[in-house]
Structures are given as C-alpha cells and as structure tokens.
1. Using modelled backbone amide H atoms (1.01 Å from N, in-plane), which distant-in-sequence or interchain residues come within less than 5 Å of Gln77's amide H?
2. Pull up all non-local amide H partners of Tyr13: gap of 5 or more, or a different chain, and H-to-H distance under 5 Å with H placed in the peptide plane.
3. Mind checking the full-extension length gain between Val237 and Asp35? Use 0.36 nm per residue of separation minus the Cα-Cα distance, one decimal, nm.
4. What distance in nm separates the two pseudo spin-label positions at Thr160 and Lys49, each 7 Å out from Cα along the beta-carbon direction?
5. Classify region 29-153: rounded, prolate or oblate, from the alpha-carbon gyration tensor (a ≥ b ≥ c, eigenvalue square roots; a/c under 1.5 rounded; otherwise prolate if a/b is larger than b/c)?
6. Arrange the following residues from fewest to most other Cβ atoms within 10 Å of their Cβ: Cys211, Cys83.
7. Counting other beta carbons within 10 Å of each residue's own, what order do Ile227, Ile24 fall into, fewest first?
8. Under the definition of Cα pairs under 8 Å and six or more residues apart, what whole-number percent is the relative contact order of the chain?
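Bear in mind these aren't lab numbers, they're just calculated from the coordinates by the rules spelled out. Every value quoted in this text rests on a predicted model; they were computed, and no experiment measured them. No Cβ is skipped: glycine too gets one built from the backbone with ideal geometry, and neighbour counts run over all protein chains shown.
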Amino acid sequence: MNYYLGIDIGSAYGKGVILKGSEIAAYHVIPSGADYRAAAETIRLHLLKQAKITLGNIAAVAATGTGAASVAFAVHQASEIVCTARGINHIFPKARTVIEVAGQASKTIKIDERGMVKNFAVSEKCAAGSGRFIEVIANVLRINLKDFGPLSLKSTRPVTFSTGCAVFGESEAVTRVAEGIAKEDIAAGVNQALAGKISALANKVRLEEPCTICGGGALNSGLIQAIERQLKIKLLVPPQPQIITALGAAVIAGT
C-alpha cells in the first residue's frame, strides 16, 4: 500500500502527516522557526521514523503553507484553503463549513460533499483576527498558552475590549492587569473579541451546518464556547485540529 506525505509549514508551526491509504500513519507538529527548509526536513525524518518506513515508501509529497516553497522534497504545492477543506472532508465528510483559527489569520470555508471549496473569507491582516492575538495576551497575563482556554472558562465578568487592533488590545490588557482585573476575565474578553471577528467571517460565507473548527485556535476550549454562543451552533472538533491542513496536503498528494 502506498504512503502519501503532506507538509504544512505555517508562520508559527510546521505540521506533517503521512497517510497509509485513508488512515493516518503518523503526524508531527513543531515550531517553524526561522528556517522553514530545516523544519520541513525535521518533520519528514520524524514522520518516517514514527511510521516505521523509509523514504522509498513515500509515493508522493505535497506542501502547503507560508513556507511551502521551502519544502524542497515536495512534488506538489497546494493552497492552504484547498488543503484545509480536503483535510476536514477526510475527517468529517458531512461538514459543510470550516472555521480555521491559525497563527497568521482566521478563515471560514464553505465546502461541498467532496471537500471542494465553494466560498471562503479570510480575516484582515491584523493579528487581532487570528490566533496570534491569544498568544500576545497570554504573554501579557504570563500564562501558558495551553492554560488560556480553561482559565477563560472560570470568568464571571468578561472584559469588553474596545479596540479591534492587536497592538492596542495588548495595551488595553496591560492596563486591565494594572487595574487588578482578574486574569480569567481578561482571557474571556479576548476570546469573545476573537469569536466576534470569526462570527462575522462565518456570516460572509453564509455558514451551513455541520460546522467544524480547526487550527491551533481549536485547542482553546474557551474560544470554541465563545464562537458557539455567538453563532448559536455546535462545532465539530477534530482529534488533532492543528494537523488538518497538512492532512489535506497528504490527501492531495494521493490524488
């Protein structure tokens, strides 16, 4: 049986997936760092070891993401939006809308039963519309990124952020900390602000259920609940939401 490799080199994290037929044989996530080429090679070596195969077993490789051009061993390149759509279709064939919250931008994608893109919307370039905003505020609050979601769910009085800019949002968070506002209320406010931007994107593509969420932002339980409240829906969450775009690249490599 053939193996197919998908590599997604994003601005913050590099992800890789090996498919054996239709099954995930291996996956890996690492910080992209400054050397995208080195990150891609590290991912490939780790995946081959995890899947217990050699390079000769890989029938095809597809790359996507900001650093796709740096994946020297890739035969194919594909857009992130197309790869995300195909990856979600592989996990949730009935899904018709995808919300992706990544480090550089957030996206909403309408897809058909084959995982083909029907429509999409992407957040503005400002970090306030992406997962980067969460990272910035987590640094202000001096908390681990993985604790951001659970902390926000403890909030009883979420802060309302008055700005849609990440830079001013960071300053606003610093001010709130100095005023003695609880960290959980600030975290909840950030999740609500980002959820509002994502909801606006979803409305642009005329969201259709079932709807799923992926990307690093899908690891934030507080953000998921905030989006669900604003859109009045239940989101499907993949087991490994960060690898969906890489998975889609592997699917494309196999077609």
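1. Ala63
2. Placed amide hydrogens put Ser32 under 5 Å from Tyr13.
3. Here the segment from Val237 to Asp35 would lengthen by 69.7 nm.
4. With each label placed 7 Å out from Cα toward Cβ, I get 5.2 nm.
5. Taking the square roots of the gyration eigenvalues as a ≥ b ≥ c, region 29-153 is oblate.
6. Ranked by crowding around the Cβ, least crowded first: Cys211, Cys83.
7. With the sparsest Cβ surroundings first, the list reads Ile24, Ile227.
8. 25 percent.
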